[in-house]
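The values are calculated or read from the model by the stated rules, or taken from the named source; none is laboratory data. Computed from a prediction, not measured in an experiment: that's the story for all the values here. As a convention, Cβ positions derive from the backbone with ideal geometry for all residues, glycine included, and neighbour counts pool all protein chains shown.
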Amino acid sequence: MTKPEIRTFDDLEHLSWAVAARFEELACIKAIEKKTFTAALSGGSTPKLLYEILGSPAFAGRVRWPNVHLFQVDERCVGPDDPDSNYRLIRRAMLESSPLPEGNFHRMAAERPDREQAARDYTEDLARILRPAPGEFPRLELVLLGMGPDGHTASFFPGSAALDEQAAWVVPNYAEKLNAFRLTLTLPVLNAAAHVIFMVTGTDKAATLREVLEGPAELFPAQRIRPARGRVSWFVDGGAAQLLSPAARG
C-alpha cells in the first residue's frame with residue numbers, strides 16, 4: 001500500500017463534490033476499458049450529500065451508469081424501509097433519481113432472520129459480478145468508508161469479533177455498543193479494493209483521526225484498512241483535520 005492521500009476541505013459540500021469527481025474519474029476509466037465499475041457504499045450522515053450529488057440531474061450524464069454496479073459496505077439488521085436502514089438512505093438520496101439500472105444496486109438483505117444465509121447470498125452476489133479468481137477475494141474498484149469518534153469503520157467497532165475474520169467475504173457482526181447485529185463486508189474484502197476513500201467530518205473526530213493517521217498502528221478498527229494492492233485516501237473537513245500535524249496534512 002502506498003502512503004495515504006490526505007485532502008482537507010473547508011466544508012462537507014466541497015468534500016462531497018471532490019469525492020463525486022473521484023467517483024466519476026474512476027468510473028470513466030473503467031468505461032474506456034470496457035469493464036464494469038464496482039463500488040461499495042457506506043451509510044451514515046456524512047455521505048448523504050455525496051449520494052444526492054451522484055443522483056442529481058447535473059451528474060446524470062457524467063457517468064455511464066449501465067456500466068456501474070453498486071454494493072453496500074454494511075447494513076443494520078432492519079427492514080429496507082426502516083429509518084435506520086443504510087439502504088433506505090442511499091435509495092432516497094441517490095437511487096430514486098439516478099439513472100443507475102435497478103438491477104445494478106445490490107442490497108444487503110440484513111433484515112432476514114437467518115443472517116448467516118443472508119451473508120452467504122450476498123457473497124454469491126459479489127462473486128457473480130466481480131468474478132474473482134479461485135482463492136482470491138473480490139476486488140472492488142472503490143470502497144467508501146466513514147469513521148466514528150471511536151475509530152470504528154463499516155460495522156467494525158473496537159473489539160468486534162469480525163475484525164479477526166480472514167476467510168469469509170460477508171459476515172453478521174454483533175455491535176455490543178449498539179446492542180444490535182449488522183451485516184458487513186469483511187476486512188479481507190475491504191483490503192482487496194483498488195481504492196478506499198474515507199470521508200470524515202466534525203471536530204468530535206479530530207483526536208481519533210490524529211491517532212489513526214499519526215499514532216501507533218491498530219489501536220482503532222479504521223487502522224486495519226490497508227489495501228495490499230490499492231490506495232487509501234482520506235477526505236476530511238477542517239474540523240476533523242484540526243489536530244493533524246503539517247506533515248500528516250501533506
Which condition number in (1) surrounded by fewer than 22 Cβ atoms within 10 Å (Cβ to Cβ); (2) under 30 Å from GLY239 (Cβ atoms); (3) of a type in the set (S, T, N, Q) is the one that THR123 fails? (2)
Can you report the number of residues in region 38-89 which are assigned to a loop (DSSP other than H, G, I, E, B) and among the basic types (Lys, Arg)? 2
Hits in region 226-250 (condition: touching a Phe, Trp or Tyr at 6+ places or on another chain (Cβ under 8 Å) and either under 19 Å from VAL73 (Cβ atoms) or among the acidic types (Asp, Glu) (or both)): VAL232, SER233, TRP234, PHE235, VAL236, ASP237
Residue hits (region 13-47; among the hydroxyl-bearing types (Ser, Thr, Tyr) and either touching a Lys or Arg at 6+ places or on another chain (Cβ under 6 Å) or surrounded by 14 or more Cβ atoms within 10 Å (Cβ to Cβ) (or both)) are SER16, THR36, THR38, SER42, THR46
I'd like to verify a number: residues in region 155-209 that are among the aliphatic types (A, V, I, L, M) and under 22 Å from LEU70 (Cα atoms), how many? 15
Inside region 164-218, counting only strands (runs of 3 or more DSSP E) that do not spill past its ends, which hold 2 or more residues that are farther than 25 Å from PRO134 by Cβ and at pLDDT 95 or above? 195-200
I'd like the residue in region 1-12 that is surrounded by 13 or more Cβ atoms within 10 Å (Cβ to Cβ) and not basic (Lys, Arg) and, out of all such residues, is farthest from LEU213 (Cα to Cα). LEU12
Only one of (1) touching a Phe, Trp or Tyr at 6+ places or on another chain (Cβ under 8 Å); (2) without any contact (Cβ under 8 Å) to a residue 60 or more places away in the chain; (3) over 15 Å from ASN104 (Cα atoms) is not met by SER56, so which one is it? (1)
Among the residues of region 58-93, what is the count of those that are more than 25 Å from ALA180 (Cα to Cα) and touching an Asp or Glu at 6+ places or on another chain (Cβ under 7 Å)? 2
Scan region 131-165 residue by residue and report those that are farther than 19 Å from LYS205 by Cα and surrounded by 14 or more Cβ atoms within 10 Å (Cβ to Cβ). PRO132, PHE137, PRO138, ARG139, LEU140, GLU141, LEU142, VAL143, SER160, ALA162, LEU163, GLU165
